[in-house]
Amino acid sequence: MVFENDRVRVLEYHDHPGDRTHPHAHPDSVMVTLTAFSRRLHGDGRQVDVDLEAGLVRWLDAQEHTGENIGTTDTRAIFVELKEPRPAGSGR
C-alpha cells in the first residue's frame, strides 16, 4: 500500500510474466499504468485479453476478477481505490 485515508486507498501492483492472481475484488478505482503490459482477465463468466500502454489513466468500475500476466514484460500499475460509495443514480 502506498497511501490510505478514510476516502481512498492507493496501491502499487507489480507482477512478472506468467504470474496469476487469486480471485479478488476492487471498488470503483482509477488505474495508472506505469509500464506497458498484456493481461488476461477472468470475471463475470468472461475472459478478456488487454494490451495496455505505459502512462494510461483509466476509470475501472467496481469488479471481481482474476488476472494473468500473458505478456513478456512486468505489470506495474497504481490503483486509486475509492472508499465512498457511488451516489445513487449517478453514472461514472
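No lab work stands behind these numbers, since they all come straight from the coordinates. Note that this is a predicted model, so its numbers are computed, not measured. Methodologically, a virtual Cβ is constructed for each residue, glycine included, from the backbone with ideal geometry; neighbour enumeration extends over all protein chains shown.
For this structure, a couple of remarks:
- About the centre of its Cα atoms, the chain shows a dipole size close to 180 debye [charges on the beta carbon of Lys, Arg (+1) and Asp, Glu (-1) only; nearest 20 debye].
- Normalised by 2.2 N^0.38 Å, where N is the number of residues, the C-alpha radius of gyration of the stretch 3-82 stands at 1.05.
- Those trypsin sites (Lys or Arg not before Pro) in the stretch 1-47 that DSSP places in a loop and that have at most 10 other beta carbons within 10 Å: R7
- Extended-chain gain in nm, criterion 0.36 nm per residue less alpha-carbon gap, A88 and D44: 13.6 nm
- The relative contact order of the stretch 3-82, computed from alpha carbon pairs under 8 Å that lie at least 6 residues apart in sequence, is 48 percent.
- Here the Karplus relation 6.51 cos²θ - 1.76 cosθ + 1.60, evaluated at θ = phi - 60°, turns the backbone of the stretch 33-49 into coupling constants of 7, 8, 9, 7, 7, 10, 9, 10, 10, 10, x, 6, x, 10, 10, 9, 9 Hz, with x for every Gly and Pro.
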